[in-house]
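Asker: One structure follows; several queries about it will come next.
The values are calculated or read from the model by the stated rules, or taken from the named source; none is laboratory data. Just so it is clear, the model here is predicted, and its values are computed rather than measured. Here the Cβ positions follow ideal geometry from the backbone for every residue, glycine too, while neighbour counts run over all protein chains shown.
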Amino acid sequence: MIVKHIDDIRGTDREVNGGNWTSWRLLLKSEGMGFSFHETVIRAGTETRMWYKNHLESVYCVEGKGEIENLDDGKKHEITPGFLYALDQHDRHVVRVEEDLRLLCVFNPPITGREVHDKEGAYPIVEDD
């Protein structure tokens with residue numbers, strides 16, 4: 001059984017600051033679950049373009065207010081607590097934040113924790129050392 005508390009992650013190398021966001025990576029590839037699990041806060045007043053061409057991601061909002069726009073079809077959806085979106089088609093998207101968004105995120109395949117967004121907003125596939 002894996003047991004963790006978010007406070008165990010804060011201030012470690014599993015706390016990643018991406019400029020517009022901070023992510024606490026609770027489960028990574030090394031835990032062997034087949035997915036990774038993160039809590040992420042995206043800051044108010046920001047706009048973040050992403051395209052997880054190598055990963056599928058599911059995101060559940062627990063706090064805040066914002067908007068996601070699918071850049072392929074232009075559809076926009078309000079993000080509020082209780083809202084879930086799943087990028088099942090490796091969707092190119094932008095998240096615009098009105099109030100800090102606190103999000104719970106699942107990635108498949110799992111990330112290792114060393115990934116950073118590239119110029120397209122994607123994470124590369126990182127193999128184990």
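Asker: Could you tell me how many of the residues in the range 89-109 are surrounded by fewer than 18 Cβ atoms within 10 Å (Cβ to Cβ), part of a loop (DSSP other than H, G, I, E, B) and within 14 Å of the chain's Cα centre (by Cα)?
Answerer: Qualifying residue count, the range 89-109: 2.
Asker: Scan the range 55-75 for residues that are farther than 13 Å from ASP91 by Cβ and under 14 Å from the mean Cα position of the chain (by Cα) and report the count.
Answerer: Selection size over the range 55-75: 3.
Asker: Going by what's in this entry, would THR112 be described as under 25 Å from ILE6 (Cα atoms) and outside any strand (DSSP E or B)?
Answerer: Values: under 25 Å from ILE6 (Cα atoms): yes; outside any strand (DSSP E or B): yes.
Yes.
Asker: Among the candidates MET33, MET50, single out the residue that is in contact (Cβ under 8 Å) with a residue 60 or more places away in the chain and either in a loop (DSSP other than H, G, I, E, B) or more than 13 Å from the chain's Cα centre (by Cα) (or both).
Answerer: Details: MET50 fails: either in a loop (DSSP other than H, G, I, E, B) or more than 13 Å from the chain's Cα centre (by Cα) (or both).
Going through MET33, MET50 in turn, the sole match is MET33.
Asker: Are any of the residues in the range 72-80 touching a Gly at 6+ places or on another chain (Cβ under 6 Å), crowded, with 16+ Cβ neighbours inside 10 Å and modelled with pLDDT of 95 or more? It would help to see each step written out before you state the result.
Answerer: Step one: of the range 72-80, the residues touching a Gly at 6+ places or on another chain (Cβ under 6 Å) are 79.
Restricting the remaining residues to those that are crowded, with 16+ Cβ neighbours inside 10 Å gives 79.
Checking which are modelled with pLDDT of 95 or more leaves us with 79.
Yes - at least one qualifying residue is present in the range 72-80.
Asker: Return yes or no: is VAL59 surrounded by 14 or more Cβ atoms within 10 Å (Cβ to Cβ) and among the β-branched types (Val, Ile, Thr)? If you could, list the steps in order and put the result at the bottom.
Answerer: Numbers: surrounded by 14 or more Cβ atoms within 10 Å (Cβ to Cβ): yes; among the β-branched types (Val, Ile, Thr): yes.
Yes.
Asker: Hey, TRP24 hits all of (1) more than 13 Å from THR112 (Cα to Cα); (2) at pLDDT 95 or above but one; which does it fall short on?
Answerer: TRP24 satisfies all of (1) more than 13 Å from THR112 (Cα to Cα); (2) at pLDDT 95 or above except (1).
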